[in-house]
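Just passing along the structure, written as structure tokens.
Every number in this text was worked out from the coordinates using simple rules, so none of it is lab data. The structure presented is a predicted model; accordingly, all values stated were derived computationally and were not measured. When we count neighbours, we look across all protein chains shown, and the Cβ atoms used for this are built from the backbone with ideal geometry, even at glycine.
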Amino acid sequence: MARARAGALRLPAPDRARDRRSRPRRGRHRCARRPLAGGGAAGLDRAVPEVRSERANVSTGQVPVGYQESLTAKRADLRSLGTCWREFIRHFSPRAVFVFIAAAVTARVAVGRWSWHDALVPVAIVAAQPFVEWVIHRYLLHLPAFKVAGRRIELYGSVQHRIHHRDPSDLDRVLLKPPEVLSFVVQIPVVAAGVVWAAVALLGGHFLPLTLTATVLSYLALLRYEWSHFLIHTPYVPKTRWYRSIWRNHRLHHFKHERYWMGITSKMGDRVLGTDPDPHSVPKSPTARTLGVPVD
């Protein structure tokens, strides 16, 4: 007998004004199918009661509820932005980034020499961030171990990311570890200096002030990445269309197929680079949780 169709979690329509007081409309529910004994992938795709949007004219994305339960931290208190933010800033990563933001802002103000070129920097960073995070996620975080002169080498970030995929509900594994944070805050001004040097040669401007502007905004982009990734792994339910789309895609990345849906702060990189397919057209990957490395 054919299996019952797997259920899905219907997200509420994006409605900020009614964010705290809206409730799902009562109606019929699909029958729930219990996961197979012992859990496993079949359990992730089980059918559950369907919650319908209050506004039928708004299309709502769907993901299997098993994905939600396995990816989300087991913290019932993290259901509002306020509680999520307070938990977020308890961790090393955001605190360290805040310190470097403050230092970079102080240096930028002290240097002065503002110009219209500074206004180009945020535009460039917003445009570049989806592709930068896509490349880092695809080619560094998912990089398998390799050998150089017979010696096995594996990036620290790749190891940590693989652990995160194995247990995505562990909030302590969601944010960057201290070595990763320190690596980013050192590399960012170096990369910014190289890009600004080339831009100044073409468009003019002052090298040091623009490098500091780029550094400040890049640190803010790093903080945005960390906050978005952290929030996606909490029980907080998305209210806006933009956040709902990355919320959905990240669950698909963790449980459907690890080679798709790389974006964390935006879907733009996935759309342009061809990794945002129709989920129904993608077979479920057996290595989504292990990234192809056997569990010890």
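Which order, highest average first, do 250-259, 268-277, 119-128 follow once you tally other Cβ atoms within 10 Å for each residue and take the mean per peptide?
Descending mean neighbour count gives 250-259, 268-277, 119-128.
How many Å³ per residue does the convex hull of the Cα positions in segment 62-198 occupy? Before the final figure, lay out each step's value.
On the way: hull volume 24.8 nm³, N = 137.
So the per-residue hull volume is 181 Å³.
How much net charge surrounds THR215 when only other residues with a Cβ under 14 Å from its Cβ are counted (Lys, Arg +1; Asp, Glu -1)?
0
Measure out, as a whole number of angstrom, how far apart the alpha-carbon centroids of segment 230-296 and segment 198-214 sit.
When both Cα centres are located, 36 Å separates them.
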